[in-house]
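Participant: Just dropping this structure here.
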Amino acid sequence: MPDKPIALISTPWPLYSRPSVQLATLKSFLQQEHPGLVVDARHFYLSAAAAVGYRTYHGISKRTWLAESVYAAMLYPERIDEIRKLFYRSAKGSAEMPKVDFTRLVDRLSAVSDQFIASIAWKRYGLIGFSVCLCQLTSTLYFIRRIKTTAPSVPVVIGGSFLAGESISPLLQVFPQIDFGIHGEGERPLSRLVKGLQNASQPAEIDPIVGVVSGHTPSAQPAARSQLEDLADLPPPDFDDYFQLLETFAPAQRFFPTLGVEMSRGCWWQKAAANTPGTGCAFCNLNLQWEGYRSKQPQQVVREIEDLTQRHQTLSVAFVDNLIPLKTAAPVFEQLARSGKDYRLFCEIRAGTYRSLLEKMKRAGVIDLQIGIEALSTRLLAKLNKGITAIENLQIMKLCEELDLVNSSNLILGFPGSDRQDVEETLHSLEYALPFRPMRAVEFWLGLGSPVWRYPNSFGLQAVFNHPNWSILLPSAAAKQIPLMIQAYRGDRTIQKKRWKPVRKKVAEWKKNYEALRCSSNAAPILSYRDGKDFLIIRQRRPNAEPISHRLVGASRQIYLFCEQPRSLVDILKEFPSFDEGQVRSFLAMMVDKKLAFSEHRHYLSLAIPAHPSSTASRYHSPD
Ligand code: SF4
């Protein structure tokens, strides 16, 4: 295939408002490694979003079964009745999903997809690559099938986070239209595949490539991977194709996209669990693509952001890292803040992130962030191997409230093996979390490759298997033979559903009350204080009731401010040696009783935030 261009495609349903960082990075890497090579990055999902309407697209893209249903109906029209039922079932209760007629939606997307496929001369390409992340399996399979009918001899390669190592060989066997699958990170294997194909007359002739599974030479061996040692070798992503496509839209359909930027790959939280096998969070399968953790130098990240936002005249940037690197992040946010530009940034962090980093983020332009809180029971957090406690989770929720950072976090319900005590602890903590932005209650789902999936018996599961919805969407060979990203299990699901019902209800109340109090004309914090320097006035707003005020004078004020971060009783007594232990304890007990402070395992956290944060620095000063 010498000199032939390469097509890289991303099909529905990634976020339409962001160019694909996967395509953009692969494209720039291929062009760096193969000077002169033409790479067309085709963001078909953006065209699809414009065709069905951004609101509808967004609603569908948020739920896997909605998203996978649409193209499954196009792939297997004989199954449409069952698929339609699944679609409507999955749409129930989604606040973000407008009412749509499934048949009309499928017809519309089918017409737009076929029009797109017919508009391109696929035979001119030397290789067509698909990036497959969550929600993109059936749409990718549809495009491959249709493209292969017009260009059967052009090799097709797929890769991406949806494809765990164990899935690739069975996928290639069940769908022989796919020539190659990439295991792990894509850049190096794809580049070598391009080279191999340039030197071969047939895809079947190329020599084995580490990280590439070939459908032409099946192997029972698990595929090895090949990844970059240093992310400094990555050129900046090339988003031009996405912006050129957006330019072709009518003015009413254009918008200012958010650019995806990587600081790192993988996750640095890989601590071994104390009582179960596996490392990292027990439910997590986000890092199957990578081995270890790598991060870019701060200068590289800042340069990319400055150049890309300037080039595309946009100021919204999302760090696509599963977990931003603490060391690199601080100088990145400092430099971005110094630029004086009004960036709007998004990132994902762990609950243990320290205050000074949150302040730097805020100054740089972080408005929204996702925090891996997941639970408000310390016992359950240990089962999840989060390496964090409930009091630390409440602390970061409080910090976000104080710094006005919009924190979207999940509260996992029904984790296998969670017991009554976990639920009780959660309900107890929720009483204290009410002044802070509510979390989203999400049912536990089993991800392929996660520690729970790898060691099911350790978590009380009797069996793990593909989620039964796959049998509705795919033919039985595919649903049975290919291990797919969303799994199901036999275990304690029914018990868990019942057990976590009160939590689900309490979270719904929390959301309602928070919205009523913070989104009203008086949007003051729900629990705040004003400092009179030797006394403190705490104001506690309540739903459907008058606010209560509390005054803390002298030592009480000092102790309350000292506990702005979790403090052990020992530390409190050490800090205030002249105070009687009994008095300190009864003061703290009173604060906890009034829901002005949270306590667990003899640690205390005050919950009120400054009403007028003139400075984000600590208000506490040691007593003389
Ligand atoms: S959930 Fe986040 S912190 Fe936990 S292992 Fe996954 S990426 Fe890492």
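The values are calculated or read from the model by the stated rules, or taken from the named source; none is laboratory data. None of the values given here were measured: they were computed from a predicted structure. Backbone-built Cβ (ideal geometry, glycine too); neighbour counts: all protein chains shown.
Participant: Could you list all residues from the stretch 235-275 that are of a type in the set (A, V, I, L, M), more than 16 Å from the ligand (Cβ to nearest atom) and under 16 Å from the mean Cα position of the chain (by Cα)?
Facilitator: LEU259, VAL261
Participant: In addition: Taking the stretch 387-398 as the search range and keeping residues that are assigned to a loop (DSSP other than H, G, I, E, B) and touching a Lys or Arg at 6+ places or on another chain (Cβ under 8 Å), which one is surrounded by the most Cβ atoms within 10 Å (Cβ to Cβ)?
Facilitator: Ranking the candidates gives ILE388 first.
Participant: Let me ask another. Check GLY292, GLY260 and return the single one that is in contact (Cβ under 8 Å) with a residue 24 or more places away in the chain, of a type outside the set (A, V, I, L, M, F, W, C) and surrounded by 14 or more Cβ atoms within 10 Å (Cβ to Cβ).
Facilitator: Of GLY292, GLY260, the one residue that is in contact (Cβ under 8 Å) with a residue 24 or more places away in the chain, of a type outside the set (A, V, I, L, M, F, W, C) and surrounded by 14 or more Cβ atoms within 10 Å (Cβ to Cβ) is GLY260.
Participant: Here's another thing I want to ask about it. Consider VAL592 carefully, then state whether it is surrounded by 12 or more Cβ atoms within 10 Å (Cβ to Cβ), in contact with a Leu (Cβ under 9 Å, 6 or more places away or on another chain) and not in a strand (DSSP E or B).
Facilitator: No; evaluated as a whole, the condition is false for this residue.
Participant: Is there a residue being without any contact (Cβ under 8 Å) to a residue 40 or more places away in the chain, within 12 Å of the ligand (Cβ to nearest atom), surrounded by fewer than 22 Cβ atoms within 10 Å (Cβ to Cβ) and of a type outside the set (Val, Ile, Thr) anywhere in the stretch 348-356?
Facilitator: Yes, the stretch 348-356 contains a residue that is without any contact (Cβ under 8 Å) to a residue 40 or more places away in the chain, within 12 Å of the ligand (Cβ to nearest atom), surrounded by fewer than 22 Cβ atoms within 10 Å (Cβ to Cβ) and of a type outside the set (Val, Ile, Thr).
Participant: Can you go through GLY215, GLY278 and tell me which one is within 16 Å of the ligand (Cβ to nearest atom), touching a helix residue (DSSP H, G or I) at 6+ places or on another chain (Cβ under 8 Å) and touching a residue at least 40 places away in the same chain (Cβ under 8 Å)?
Facilitator: GLY278
Participant: Name every residue in the stretch 357-381 that is surrounded by fewer than 19 Cβ atoms within 10 Å (Cβ to Cβ) and within 13 Å of the ligand (Cβ to nearest atom), in order of residue number.
Facilitator: Within the stretch 357-381, GLN370 is the sole residue that qualifies.
Participant: Can you name the residue in the stretch 284-299 that is assigned to a loop (DSSP other than H, G, I, E, B) and within 18 Å of LEU326 (Cα to Cα) and is also nearest to the ligand (Cβ to nearest atom) among such residues?
Facilitator: Filtering first and then ranking leaves ASN287.
Participant: Let me ask something else about it. Filtering the stretch 519-539 down to residues that are buried (at least 19 other Cβ atoms within 10 Å of the Cβ) and within 38 Å of the chain's Cα centre (by Cα), which residue is nearest to GLU509 (Cα to Cα)?
Facilitator: Per the stated criteria, the residue is ILE526.
Participant: Provide a single number: the residues in the stretch 484-517 that are in contact (Cβ under 8 Å) with a residue 24 or more places away in the chain and surrounded by 13 or more Cβ atoms within 10 Å (Cβ to Cβ).
Facilitator: Qualifying residue count, the stretch 484-517: 23.
Participant: Something else: Among the listed residues SER578, SER586, which satisfies the condition of being in a helix (DSSP H, G or I), farther than 28 Å from LYS512 by Cα and either modelled with pLDDT under 95 or not assigned by TED's automatic domain parsing to the domain that holds LYS398 (or both)?
Facilitator: Unique residue meeting the criteria: SER586.
Participant: Which one of these is touching a Leu at 6+ places or on another chain (Cβ under 8 Å), at pLDDT 95 or above and loosely packed, with under 15 Cβ neighbours inside 10 Å: ARG265, ARG254?
Facilitator: ARG254
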